[in-house]
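Student: Structure incoming, see below.
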Amino acid sequence: MSDLNNVKVILFDLDGTLIDSVPQLYLAVQAALKSNQLSAVSIEQVRDWIGNGADVLLKRAICQQYHFTDIDETLFQQVKSQFDHYYQMGIDRDYSLYPAVKETLSVLAQAGYSMAVVTNKPDQFVQPLLQSAGIAEFFTYTLGGGRLPVKKPDPLPLYYLCEQFKVQPTETLMVGDSKNDIQAARAAGIPVVGLSYGYNHGEPIENSEPDWVLHRFDELVSLLNAEVRN
C-alpha cells in the first residue's frame, strides 16, 4: 500500500470520474452514425466503449463491437467530423457531475492540494465541459487526448503533468475509474485510487488492482485526511 503523506498533486480522470458524460456522448455518437447511414448503437454499448478516446469509441461504434476491425479511413473521418460537430454543440447539456464532486474538490483545494485533469477525451472538449460543469477553477492544468503523442494507459501524460508541477511521481496521486488510469499510474510509479462507479468497459475496477478502491468521490477527503491537513 502506498503512502499518501507526501502527496502534493492529485491527477483526475474526467469521464466516469468527475462527470457522467455517457448521455451526451451517446447522443453525439448516434447523430454521427445516423448522418452516415450507419446502424444505431445503445447507450449501454457506448458506456462500455468509453475510455480509450473518441477515435476508438467511434471505431467501436462503426463496427458495433469492442474489438473493432479495419475501417475505411474516409468513412471514419466523416463519422469523426460529424461527432465533433454534434458533441461540441451539446457540450453544455446531457451530463451530470457525480455526487459531491464540486464540494470535494473545494475541500481538497482548501487543504492545499494542486490538481489537474488528465483524460483521453479530445483536448478541445475538456475545458468547455469543465467550465460548463462549474469546476474548471479547481484545476491548474488540463491535459486531453491529442496534446501528446500517446494517451493513457501510456504513462507519458502523467509524467508530463508531474513535470509541469515539478513534483515526483511519489508526490502525486492518480484518481480514475478505468483500467487505463490504473495501468498508466502503475507504469509511472504513481499511487492510484480506483472509483467503482465509473465505466471501465463493464469490468469491476477491483480487477485492475488499484491501491485503493473508493465507492464515493467524497471518500477522497478521509483517505487523504484532507479536512485536517495544513
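All of the numbers you see were taken from the coordinates with simple rules; none came from a lab. Bear in mind that the values here come from a model prediction, so they are computed numbers and not experimental data. Please note: Cβ atoms are built from the backbone with ideal geometry, for glycine as well, and neighbour counts cover all protein chains shown.
Student: Would you calculate the convex hull of the Cα atoms in the stretch 1-116 and tell me its volume per residue in Å³? Write down the numbers at each step before the final one.
Tutor: Working: hull volume 16.5 nm³, N = 116.
Expressed per residue, the convex hull around the Cα atoms of the stretch 1-116 is 142 Å³.
Student: Can you check what the net charge comes to around Pro157, using other residues whose Cβ is under 13 Å from the Cβ of Pro157 (Lys, Arg +1; Asp, Glu -1)? Kindly include the intermediate steps, with their values, before the conclusion.
Tutor: On the way: positive: Lys121, Arg147, Lys151, Lys152; negative: Asp13, Asp123, Asp154, Glu163, Asp181.
The answer is -1.
Student: Based on DSSP loop calls and a cut-off of at most 10 other Cβ atoms within 10 Å, the longest stretch of the chain free of exposed trypsin sites (Lys or Arg not before Pro) is what? List each step's numbers first, then the result.
Tutor: Details: sites that count: Arg93, Lys166.
Value returned for the longest uninterrupted segment is 1-92.
Student: Let me ask something else. Relative contact order, percent, of the stretch 38-175 when contacts are C-alpha pairs under 8 Å separated by at least 6 residues? Don't skip to the answer; put the middle values down first.
Tutor: Details: 112 pairs, mean separation 27.3, N = 138.
Once normalised by length, the contact order is 20 percent.
Student: Further, regarding this structure: Could you give the length gained by full extension between Asn5 and Asp70, i.e. 0.36 nm per residue of separation minus their alpha carbon distance, to one decimal place? Walk me through the numbers before you get to the answer.
Tutor: Values: separation 65, 0.36 × 65 = 23.40 nm, distance 4.71 nm.
Between Asn5 and Asp70, full extension yields 18.7 nm more.
Student: One quarter of the convex hull surface, Cα atoms only: what value does that give for the chain in nm²? Numbers along the way, then the final one.
Tutor: Numbers: hull surface 46.2 nm².
Answer in nm², one decimal: 11.6.
Student: Can you run the Rg to Rh ratio on the stretch 22-89? Use alpha carbon positions and the Kirkwood inverse-distance Rh. Let's see the in-between values first.
Tutor: On the way: Rg = 10.4 Å, Rh = 11.5 Å.
Expressed as Rg/Rh, it is 0.90.
Student: If you don't mind, another one. Please tell me the relative contact order of the stretch 22-89 in percent, rounded to the nearest whole number, where contacts are Cα pairs under 8 Å and at least six residues apart.
Tutor: On the way: 60 pairs, mean separation 28.6, N = 68.
Relative contact order here is 42 percent.
Student: Further, regarding this structure: In units of 2.2 N^0.38 Å, what is the alpha-carbon radius of gyration of the stretch 129-230?
Tutor: Details: Rg = 13.9 Å, N = 102, 2.2 N^0.38 = 12.8 Å.
Here the answer is 1.09, to two decimals.
Student: Take every Cα pair under 8 Å in the stretch 136-229 that's 6+ residues apart, average their separations, divide by the length, and report that relative contact order as a whole percent. Could you put the intermediate results ahead of the total?
Tutor: Numbers: 127 pairs, mean separation 18.9, N = 94.
This gives 20 percent for the stretch 136-229.
Student: Also, I was wondering about something else. To the nearest 20 Debye, how big is the dipole of the stretch 22-89 about its Cα centre, given +1 on the beta carbon of each Lys and Arg and -1 on that of each Asp and Glu?
Tutor: On the way: 5 positive and 7 negative charges, 35 e Å.
The dipole magnitude comes to about 160 debye.
Student: Taking the Cα centre of the stretch 72-230 as the origin, how large is its charge dipole in debye, to the nearest 20, when only Lys and Arg (+1) and Asp and Glu (-1) carry charge on their Cβ atoms? Display every interim value, and only then the final one.
Tutor: Details: 12 positive and 20 negative charges, 53 e Å.
In total the dipole reaches around 260 debye.
Student: Cα atoms only: what Rg and Dmax, in Å, come out for the stretch 184-230?
Tutor: 12.1, 39
Student: Count the DSSP beta bridges whose two residues both fall in the chain, then state the antiparallel fraction as a percent rounded to the nearest 5.
Tutor: Values: 2 of 21 bridges.
Bridges in the chain are about 10 percent antiparallel.
Student: For Tyr141 and Asn225 in one chain, what is 0.36 nm times their gap in residues minus the Cα-Cα distance, to one decimal in nm?
Tutor: On the way: separation 84, 0.36 × 84 = 30.24 nm, distance 2.35 nm.
Difference between extended and current length: 27.9 nm.
Student: Let me ask another. Are any of the pairs Lys80/Lys166; Lys80/Lys179; Lys102/Lys166; Lys34/Lys152; Lys8/Lys151 more than 31 Å apart by Cα-Cα distance, and if so, which? Provide the component values of the computation, followed by the final result.
Tutor: On the way: Lys80/Lys166 36 Å; Lys80/Lys179 25 Å; Lys102/Lys166 26 Å; Lys34/Lys152 29 Å; Lys8/Lys151 23 Å.
Lys80/Lys166, as the Cα separations exceed 31 Å there.
Student: Any idea how far the Cα center of the stretch 110-164 sits from the one of the stretch 1-62, in Å?
Tutor: That distance is 15 Å.
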